[in-house]
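Undergrad: I have a structure here, written as structure tokens, and I will follow up with some questions on it.
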Protein chains: 2
Amino acid sequence: SVSQDLDLEILETVMKQLDASKIRENLRELSREPHLASSPRDEALAQLLLHRWRDPESGLDAAEAPTYEALLSFPSRERPNRVAVVGPTGTILFSCRQSEQNLTGEQGGPDVVPPYAAYAPPGTPQGLLVYANRGTEEDFMELQTQGIRLEGTIALTRYGGTGRGAKAVNAAKHGVAGVLVYTDPADINDGHSSASQTFPNSWRLPPSGVERGSYYEYFGDPLTPYLPANPSSFRLNPDTVPGFPPIPTQPIGFEDAKILLCNLQGTLAPAAWQGALGCDYKLGPGFRPDGDFPAERYFWVNVSVHNRLELRNSSNVLGIIRGAVEPDRYVLYGNHRDSWVHGAVDPSSGTAVLLELSRVLGTLLKKGTWRPRRSIVFASWGAEEFGLIGSTEFTEEFFSKLQERTVAYINVDISVFANATLRAQGTPPVQSVIFSAAKQIPAPGLDGLSIYDNWIRYFNRSSTAYGLVPSLGSLGAGSDYAPFIHFLGISSMDIAYTYDRSKTSARIYPTYHTAFDTFGYVDKFVDPGFSSHQAVARTAGSVLLRLSDSLFLPLNVSDYGETLRNFLQAAQRDLGVLLEQHSISLGPLVTAVEKFEGAAAALGQHVSALQKDTPDPLQVRMLNDQLMLLERTFLNPRAFPEERYYSHVLWAPRTGSVATFPGLANACSRAMNTSLGSAAWAEVQRQLSILVVALEGAAATLRPVADL
Amino acid sequence: SVSQDLDLEILETVMKQLDASKIRENLRELSREPHLASSPRDEALAQLLLHRWRDPESGLDAAEAPTYEALLSFPSRERPNRVAVVGPTGTILFSCRQSEQNLTGEQGGPDVVPPYAAYAPPGTPQGLLVYANRGTEEDFMELQTQGIRLEGTIALTRYGGTGRGAKAVNAAKHGVAGVLVYTDPADINDGHSSASQTFPNSWRLPPSGVERGSYYEYFGDPLTPYLPANPSSFRLNPDTVPGFPPIPTQPIGFEDAKILLCNLQGTLAPAAWQGALGCDYKLGPGFRPDGDFPAERYFWVNVSVHNRLELRNSSNVLGIIRGAVEPDRYVLYGNHRDSWVHGAVDPSSGTAVLLELSRVLGTLLKKGTWRPRRSIVFASWGAEEFGLIGSTEFTEEFFSKLQERTVAYINVDISVFANATLRAQGTPPVQSVIFSAAKQIPAPGLDGLSIYDNWIRYFNRSSTAYGLVPSLGSLGAGSDYAPFIHFLGISSMDIAYTYDRSKTSARIYPTYHTAFDTFGYVDKFVDPGFSSHQAVARTAGSVLLRLSDSLFLPLNVSDYGETLRNFLQAAQRDLGVLLEQHSISLGPLVTAVEKFEGAAAALGQHVSALQKDTPDPLQVRMLNDQLMLLERTFLNPRAFPEERYYSHVLWAPRTGSVATFPGLANACSRAMNTSLGSAAWAEVQRQLSILVVALEGAAATLRPVADL
Ligand SMILES: [Ca+2]
Ligand SMILES: [Ca+2]
Ligand SMILES: [Zn+2]
Ligand SMILES: [Zn+2]
Ligand SMILES: [Zn+2]
Ligand SMILES: [Zn+2]
């Protein structure tokens, strides 16, 4: 029937049927073998998903596994990457380990890819070692200030502070010849580093663990920006592609980093640069005469990288449950499938949830008990670890169709980082539906407390509209939601269970992107009993059903008003004086925000009135179109032409320190030190106008549809 | 009711009530005074329209007159532009007339703006005169080949062959200091030029007539590309805006051009350069010793231009009839209001029709007899003559809302060029609805013949799907449809009555943009009795009603297949070999066109099946959304970044000679003379991929909505 609405009994049934032990079994199978993007096991898992989604008893209406041909990067099997200390005649005094230790029998095997920096170019630089902290531009400036000659050196850096690739980019600008990256125990293990304090004796990263990762600056297949990576598509020349690290780069474990770093000579590094390796960190260059490499200061570090770029087939798996009433409205739910090694947490904890959710819904579907109002599309993306490739290519291929018809995108990548609390990121329209879901699901292990009640204890903020509420994070580009929100302007979210931040300051869960991210690790340390996995399955499942089945879309567009107001206030507070000095008024922006708030509030009242009524199906559809398409009105593909894919004027990357509209913040920070009337100040004005037009345009789409 | 459909009786009533004499009265009032953009009379006419649309008996539901602040260009009242022949001491030997002759008392008055080239910069160059034919790049190359030194000369050019502004751009590249432009009787009067053969003795252009026009290269307000020209909007610096003519330029009448041109010395101009001024056209430079300026060859032509740029308020007038069932679907119908002088033909013949149509519909509305299914928005655009400014700013301001909701845009600018036949331009989806309308309306003065029957005698083509049909022209950027089709991707059309091309080869109607385009001219020569105006009102009115009222949108998306097939065949025929030599295959494009055809055909069958059924309202809406949004799928704002506003991959400007996909054609013509592996050949491949992705994406939106 055209008035089909969310059925609370079905919702309750789904919540009950989501089974922790089945998620555990899914995870065991998914993480049984390493499944690096495009590897045979990755493709086998694609077939597993396809098979599940085509199951006559618990599958979906249809499933497919389309393939893209993407440029990936792998270390050479024949010539392993190597980091060594070499003497003047080439003698090797020390060599970093080339694979992680197999501590529990789960970390070994021929399919474990050795640690490497994907997309780092091949090369064998050698030079004196320097310590460069996190490899930011400021860090290298500090070294220069300290009088250290960087030309031809090898820079040892630690993870964090900036993107992976940025470390090599910054280093190269200063003449550095090669980069090493390691994870400091201070940043990942709350300072602990001994074997007895780390896995398998705790969830902490063991000394040999190495974080792999993509060092490519953008996302999507590097050869086909804005075009799907189909076999016939135009491809850039790989030799001139922008965004790859300019110099050889290799990640190592802290066990090896300690040997290198604790043997450095030179000035003591600044306090903020010190870590937990148990020695004073010095800057170099070169080793101290009284250490393990005593002979002379011309003991060099040699970094041998033999990575290769390869065009590889990578599959997405897509499954659909066709909507009964509005099949042309899609709720998308996705996660990547590929991992660096076994990837039990990343991404299989999410895929295990995805499979359990699709099983429960598929079973109801096949029994004839239920069919959603709108279509549900499940996606298992390929090659996310190399830069969100599967999801990005998908959005490039189906740009128009997705932009016209997608209600929202739900991403559950790592479903459980830790088991303290829910954590959600998203744009304001999805806040209310996540809250609704979280309020109705019990928090695991906390009798009588809802997920919402627990969540608000860990992350909260004071909302002008609602008082104290859990705080929703904003979406960067950390997982497959990025192309949906930034490139297509689709309201998106990412849902997970995560840490108690009072108990750990780890950058991320300790075995992230290492060979230690295994089923046993999850089963023993991350979520024994899988109740947090179940909690995420329920939360994401409830959000999914509410979006697919509610007669009125549960997207609260008024909640954008609060973001706009906060951004505006930050601009007024932190940029107002500066702008005034350049005769730039925030007045039009104030007016635009007010118009948005007014239109959103009036629309909210219209929704309430309609909900009391028995509206005709077209009235509901018209209203839902306004709600669905609001996010699209913030897209402007001409706003940031140099920022590939980023078109959302509210969520594009922000480099300035003021938490305000990114175009304005970035333009101001660029103009700051230029003279009155400079092109940079004109750009500030242009960005302000782009913003005003977007907000006024958004308000116009919220106003009664037949207003002039 | 949600199943409200087109009511044929209402349609018949509207057709009957559209009254030729009321159109005549509208035209008399509209063209009574000159109404240059932003002039008091232009604003008074905006009020007239607003008043009509707010009439309680025959008005619309609501009407507004929002204003933009746009950069226009006017000649100085105090220092009129002047073109003169001057001697070495500055004596004036001859001066062109500074206003047209007042031949019938209708051409005079203080509000007649003297002839000028809008946006041409001020300056007073003087130099030897040369004749440069139509001022194309080829024309100037020819002069160089003939050994003529162009540096510092004044180039006399004739209208046609290329855009107005391009003549000055081309000239400046060769060092020319000033440009004159005139209309040759060969091009506008079928060769006739004497007073007795021209207005007021015929419809032909009299010797003093001068075509005004905008010489700006782009469209929209020059200071606010991609932003609406609101008071607070960011504006470019007028001194550095691209697209203005680089050198002083002035249009003159053929009476004066004759004196200049027939006195030139030098080589005889090529045969194709000769016109109908009654003398041999020579190239110059300078005047012949045996003519009117005999003394010496250093008699110069002095061009004194005193144009000024001014920020001026210009209004659009918008009126709406709210849809009864789908108020959030808009059918837009518009024309500009501003003219160069009295503008009886351009644009008032269209505005007179617009007012009559809104009166008839408004009366039915106010009587309670009728309300359309979808909303109808009428628009009277400001400042079109300066570069489609009002319509462009409107699309910039309401980009999202319009793109999401607009079913089609109907433009009727000049409604009657001449009274021989209907002429329509548009994108393929609107072909069928124009045909349906044209078949049911009698052709004026041709007993028993429909407009369609008459039309097919003048313009026709052989369609693979339908056999012989009237041929629809394609949309350039000649009127306000340009931003709708090129920038927003909204299916658009332009409708008019026009010439019998076997009787005249005039570039356009002879008094175009001159002071002779008056009510008397229309009443006596263009359309005595106004039956062609009525025919256009009926055709456009029928198209409008069919689009606003039909349950199923009368947009035939299959008709795009024929365009794609024709473009493909042209590419295969004329570019195939060249592409093959560069190892570029058209195979993927062939496949994409086939996919489009297949999806469109299947959708057509789906429509037929649904029409026999009693579909639920959401099924119809979903289908209509597919039809409405097809045109949007051809937009790619990143396809031609250097072509301002042009994003439609099928209708962007094409410079190559092959009638195929413009991106492909242009890239090929640029690559043609470059070496294998050049960046230009890479661009050909990129353009091909952009095209394939657009066509595949379009096909995806036509396929069943819940297909993967
Ligand atoms: Ca791509
Ligand atoms: Ca503008
Ligand atoms: Zn992940
Ligand atoms: Zn990851
Ligand atoms: Zn016009
Ligand atoms: Zn005109």
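The values are calculated or read from the model by the stated rules, or taken from the named source; none is laboratory data. What you are looking at is a predicted structure, and each value in this text was computed from that prediction instead of being measured. Don't worry about glycine lacking a Cβ; one is built from the backbone with ideal geometry, like all the others, and counts go over all protein chains shown.
Undergrad: Mind telling me which of the residues A:Pro222, A:Pro251, A:Pro245 ends up being within 15 Å of ligand 1 (Cβ to nearest atom), in contact (Cβ under 8 Å) with a residue 40 or more places away in the chain, closer than 29 Å to A:Gly390 by Cβ and buried (at least 24 other Cβ atoms within 10 Å of the Cβ)?
TA: Testing whether each residue is within 15 Å of ligand 1 (Cβ to nearest atom), in contact (Cβ under 8 Å) with a residue 40 or more places away in the chain, closer than 29 Å to A:Gly390 by Cβ and buried (at least 24 other Cβ atoms within 10 Å of the Cβ) leaves just A:Pro222.
Undergrad: Further question: Filter region A:193-248 down to residues that are more than 16 Å from ligand 4 (Cβ to nearest atom), touching a Leu at 6+ places or on another chain (Cβ under 8 Å) and among the aromatic types (Phe, Trp, Tyr) and give me whichever is farthest from the other protein chains (Cβ to nearest Cβ).
TA: Only one residue fits best here, namely A:Phe199.
Yes/no matrix, rows are residues, columns are (1) in contact with a Lys or Arg (Cβ under 6 Å, 6 or more places away or on another chain); (2) away from ligand 1 (no atom under 16 Å from the Cβ); (3) closer than 25 Å to A:Asn81 by Cβ:
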| site | (1), (2), (3) |
| --- | --- |
| A:Cys279 | no, yes, no |
| A:Val305 | no, yes, yes |
| A:Glu326 | yes, yes, no |
| A:Ala344 | no, yes, yes |
| A:Ile376 | no, yes, no |
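Undergrad: Now a separate question. Check A:Ser657 against each of (1) at pLDDT below 95; (2) under 29 Å from B:Val241 (Cβ atoms); (3) more than 14 Å from every other protein chain (Cβ to nearest Cβ) and name the one condition it does not meet.
TA: (2)
Undergrad: Where in region B:422-525 are there strands (runs of 3 or more DSSP E), lying fully within it, with 2 or more residues that are in contact (Cβ under 8 Å) with a residue 40 or more places away in the chain and within 23 Å of B:Ser31 (Cβ to Cβ)? Quick ask: steps written out before the conclusion?
TA: Numbers: elements: B:460-463, B:467-470, B:492-498.
Correct list: B:492-498.
Undergrad: More than 16 Å from ligand 5 (Cβ to nearest atom), modelled with pLDDT of 95 or more and in a helix (DSSP H, G or I) - does that describe any residue in region B:551-559?
TA: Scanning region B:551-559 turns up at least one residue that is more than 16 Å from ligand 5 (Cβ to nearest atom), modelled with pLDDT of 95 or more and in a helix (DSSP H, G or I).
Undergrad: Could you identify the single residue in B:Gly343, B:Gly323, B:Gly334, B:Gly319 that is surrounded by 21 or more Cβ atoms within 10 Å (Cβ to Cβ), touching a residue at least 12 places away in the same chain (Cβ under 8 Å) and either within 16 Å of ligand 4 (Cβ to nearest atom) or at positive phi (or both)? Before you say what the answer is, go through the steps one by one.
TA: On the way: B:Gly323 fails: either within 16 Å of ligand 4 (Cβ to nearest atom) or at positive phi (or both); B:Gly334 fails: either within 16 Å of ligand 4 (Cβ to nearest atom) or at positive phi (or both); B:Gly319 fails: either within 16 Å of ligand 4 (Cβ to nearest atom) or at positive phi (or both).
Exactly one residue qualifies, and that residue is B:Gly343.
Undergrad: Restricting to region B:405-425, name every residue that is touching a Gly at 6+ places or on another chain (Cβ under 8 Å), under 30 Å from A:Arg703 (Cβ atoms) and either modelled with pLDDT under 95 or more than 16 Å from ligand 6 (Cβ to nearest atom) (or both).
TA: Residues satisfying the conditions are B:Tyr409, B:Ile410.
Undergrad: Suppose we keep only residues that are away from chain A (no Cβ under 14 Å) and of a type in the set (Val, Ile, Thr) within region B:312-351. Which one would you say is nearest to ligand 3 (Cβ to nearest atom)?
TA: Checking each candidate, the answer is B:Thr351.
Undergrad: Based on what the data block shows, is B:Asp328 at pLDDT 95 or above, within 16 Å of ligand 6 (Cβ to nearest atom) and closer than 30 Å to B:Lys366 by Cβ?
TA: Answer is no for this residue.
Undergrad: In region A:641-654, how many residues are buried (at least 22 other Cβ atoms within 10 Å of the Cβ) and either more than 14 Å from chain B (Cβ to nearest Cβ) or not hydroxyl-bearing (Ser, Thr, Tyr) (or both)?
TA: 4
Undergrad: Further question on the same structure: Looking for whichever is within 30 Å of B:Val179 (Cα to Cα) and among the aliphatic types (A, V, I, L, M) here; the options are B:Ala44, B:Ala62, B:Ala70, B:Ala20. Which one fits?
TA: B:Ala70
Undergrad: Any residue at all in region B:269-290 that is assigned to a strand (DSSP E or B) and within 14 Å of chain A (Cβ to nearest Cβ)?
TA: No, the conditions are met nowhere in region B:269-290.
Undergrad: Continuing with the same structure: Determine whether A:Gln626 is assigned to a helix (DSSP H, G or I), buried (at least 21 other Cβ atoms within 10 Å of the Cβ), among the polar types (S, T, N, Q) and within 11 Å of chain B (Cβ to nearest Cβ).
TA: Values: assigned to a helix (DSSP H, G or I): yes; buried (at least 21 other Cβ atoms within 10 Å of the Cβ): yes; among the polar types (S, T, N, Q): yes; within 11 Å of chain B (Cβ to nearest Cβ): yes.
When the stated conditions are applied, A:Gln626 passes them.
Undergrad: Moving on to the next point. crowded, with 20+ Cβ neighbours inside 10 Å, more than 13 Å from chain A (Cβ to nearest Cβ) and among the aliphatic types (A, V, I, L, M): is that true of B:Val620 in this structure? So that I can check it myself, show each step before the final result.
TA: Values: crowded, with 20+ Cβ neighbours inside 10 Å: yes; more than 13 Å from chain A (Cβ to nearest Cβ): no; among the aliphatic types (A, V, I, L, M): yes.
So B:Val620 fails the test.
Undergrad: Out of (1) at pLDDT below 95; (2) within 19 Å of A:Asn302 (Cβ to Cβ), the odd one out for A:Pro248 is which?
TA: (1) is the only condition that A:Pro248 fails.
Undergrad: Among the residues of region B:254-268, what is the count of those that are in a loop (DSSP other than H, G, I, E, B) and either surrounded by fewer than 20 Cβ atoms within 10 Å (Cβ to Cβ) or at positive phi (or both)?
TA: Of the residues in that region, 3 qualify.
Undergrad: Of the residues B:Arg654, B:Arg638, which single one is touching a Phe, Trp or Tyr at 6+ places or on another chain (Cβ under 6 Å) and outside any helix (DSSP H, G or I)?
TA: On the way: B:Arg654 fails: touching a Phe, Trp or Tyr at 6+ places or on another chain (Cβ under 6 Å).
Answer to the check: B:Arg638.
Undergrad: I'd like the full set of residues that are over 21 Å from A:Thr633 (Cβ atoms) and within 12 Å of chain B (Cβ to nearest Cβ), limited to region A:679-708.
TA: Passing the criteria: A:Ala679, A:Trp681, A:Ala682, A:Glu683, A:Val684, A:Gln685.
Undergrad: Condition first: without any contact (Cβ under 8 Å) to a residue 40 or more places away in the chain and either under 19 Å from A:Val593 (Cβ atoms) or touching a Gly at 6+ places or on another chain (Cβ under 8 Å) (or both). Now tell me which residues in region A:666-685 satisfy that.
TA: A:Asn666, A:Ala667, A:Ser669
Undergrad: In the list A:Ser348, A:Ser358, A:Ser432, which residue meets the criterion of being more than 16 Å from ligand 5 (Cβ to nearest atom), hydroxyl-bearing (Ser, Thr, Tyr) and surrounded by fewer than 24 Cβ atoms within 10 Å (Cβ to Cβ)?
TA: A:Ser432
Undergrad: If you don't mind, another one. Select from region A:439-482 the residues that are charged (D, E, K, R) and under 30 Å from A:Ser380 (Cα atoms) and write down the one among them that is nearest to ligand 5 (Cβ to nearest atom).
TA: Taking the candidates together, the pick is A:Asp480.
Undergrad: Turning to a different aspect of this structure: In this structure, is B:Asn307 farther than 26 Å from B:Pro121 by Cα, at pLDDT 95 or above, crowded, with 21+ Cβ neighbours inside 10 Å and not aliphatic (A, V, I, L, M)?
TA: Working: farther than 26 Å from B:Pro121 by Cα: no; at pLDDT 95 or above: yes; crowded, with 21+ Cβ neighbours inside 10 Å: yes; not aliphatic (A, V, I, L, M): yes.
The answer is no for B:Asn307.
Undergrad: How many of the residues in region A:366-404 are more than 16 Å from ligand 3 (Cβ to nearest atom), touching a Gly at 6+ places or on another chain (Cβ under 8 Å) and closer than 30 Å to A:Pro617 by Cα?
TA: So the count comes out to 14.
Undergrad: Looking at (1) more than 16 Å from ligand 3 (Cβ to nearest atom); (2) closer than 27 Å to A:Gly123 by Cβ; (3) not hydrophobic (A, V, I, L, M, F, W, C), find the lone condition where A:Tyr216 falls short.
TA: All conditions pass for A:Tyr216, except number (1).
Undergrad: Being touching a strand residue (DSSP E or B) at 6+ places or on another chain (Cβ under 6 Å) and within 16 Å of ligand 2 (Cβ to nearest atom) is the filter here; which residues of region B:479-510 pass it?
TA: B:Asp480, B:Phe484, B:His486
Undergrad: Mind checking which strands (runs of 3 or more DSSP E) fall wholly inside region A:4-89 and carry at least 2 residues that are surrounded by 21 or more Cβ atoms within 10 Å (Cβ to Cβ) and touching a residue at least 12 places away in the same chain (Cβ under 8 Å)?
TA: A:67-74, A:82-86
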